[in-house]
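Read through the structure below, which is laid out as structure tokens, and then see the notes.
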Amino acid sequence: MVTFVRRSKSVQPMLNCETEVIFDSCWEKLPLLLKGKRTFFVVDKNVHTIYRSFCAQNDVFVFEGGENNKNLKTVSEIFEFLLSRGADRKSFLVAIGGGITTDTAAFAASTYMRGIPFALVPTTLLSQVDASYGAKNGVNFQGLKNIIGSFTQPEFSLIDVSLLSTLSFEEFLSGLAEVVKSAIIMDGELFAFLEGRTPEQIFSSLEDTSYIVRSSLDVKRRIVREDPLECSLRRVLNLGHTLAHAIEKACQPFCHGIAVAIGMKYVLRIAKKKNMISTRDAERISNLLERYFPMQLPCRVKDVVEAFSFDKKKNGDKIHLIVPTAVGHVEQLEMNIDELKKIYLDVE
């Protein structure tokens, strides 16, 4: 006789949120970490071109990159690659590239044969400060960002800031938006550091870059450790992302980091409208955003706000927004989607 027990809704599946983050030289450390493992690689095309000698020695699936390839078709192609080479449940997968590459490869690894172990080697500033930690992975579907995915931890994330030397300044700037986000959320010291520098100065300094990556990851780690499944506190990491995802849907193609910066600008307006932030702190945040990023919305606000209805974080006709209430502090605000649309349309 089999008895079925209904699990209480309050019981959450357990998730080990202590991914090991290793700061080291990638090409020296990675072979040591993979010793004894039968390893397969998913490598971004640009990385493959730059580091062809390393890639030539291994079983490599070359990922074409771009949001258009962050989908189930690519996941299926990774499955075919693994199957054709006899990968089994004891095999190991390493994703090397930006956040799109690591998200897609991690989702493939987490579902191939019900899950094989994997690791991440992020090669962009955006992926080092965001996608490298937190166990989120996934792909886009029918134009909706990350709508299909899972929470699955990599065995480790290897961070080598020297890899960022191959980035263009525009790519680096996209990652800086996530750094600014982390500073606004929980790190006033990091925010002050950014105020004292220009993006160009940070871009040209390995020491400064290392500092902002470590500081941003420290913010994310503190938050994820407390709320690994994004039930409450972890939502603060979505600062600027509600509008950003809408911009990316309505104005394809568009840079994710710049979309986040514009998203933070608009939620700052909500905080000011609702008297949730002091004039001084609002000015500090606004000044930094305007100094660091191009803030022009690339299409009509009306087109963007319509995309709110598809946001995966909405609950019925309401949506959770994260708004800044001071430098280094944010709060969650539940708003009616129609009210949110009206506020944004009023400032068009």
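Odds and ends about this structure:
- Build a GNM of the chain with springs between Cα atoms under 10 Å apart, and of Ser210, Ser132, Ser157 the one that fluctuates most is Ser210.
- Ranked for footprinting exposure by Cβ neighbours inside 10 Å, fewest first, Thr209, Thr166, Thr325 give Thr166, Thr325, Thr209.
- Rounded to the nearest 20, the Cβ-based charge dipole of segment 116-213 about its Cα centre (Lys and Arg +1, Asp and Glu -1) stands at 420 debye.
- Taking amide H as placed 1.01 Å from N in the peptide plane, the amide H of Leu93 sits under 5 Å from that of Phe40, Phe118, Ala119, each at least 5 places away or on another chain.
- Only Cα pairs under 8 Å and 6+ residues apart enter the sum, and on that basis the relative contact order of the chain stands at 14 percent.
- Among Phe203, Phe54, Phe81, the largest mean-square fluctuation in a Gaussian network model of the chain, built with springs joining Cα atoms closer than 10 Å, belongs to Phe54.
- The chain: Cα Rg divided by the 2.2 N^0.38 Å rule of thumb: 1.00
- Among Ser162, Ser215, the order by Cβ neighbours within 10 angstrom, fewest to most, reads Ser162, Ser215.
- Gyration tensor (alpha-carbon) shape descriptor, segment 49-150, a/c threshold 1.5: rounded
- Neighbour-count order for Glu64, Glu207, fewest beta carbons within 10 angstrom listed first: Glu207, Glu64
- 5 angstrom amide H check on Lys318, placed H, neighbours 5+ away: Ile337
- Calculated from backbone phi, Karplus (6.51, -1.76, 1.60) coupling profile of segment 134-148 in Hz, x at Gly/Pro: x, 6, 7, 8, x, 9, 7, 8, 6, x, 9, 6, 6, 6, 10
- Surface/4 estimate of mean projected area, convex hull on alpha-carbon atoms of segment 98-169, nm²: 5.2
- Candidates Phe63, Phe92, Thr49 compared by Cα position along the dipole of segment 16-106: farthest toward the positive end lies Phe92, with charges placed on Cβ.
Since every read-out is calculated from the coordinates, none of them should be taken as a lab result. Every value quoted in this text rests on a predicted model; they were computed, and no experiment measured them. Cβ coordinates were reconstructed from backbone atoms using ideal geometry, including for glycine residues, and neighbour counts include every protein chain displayed.
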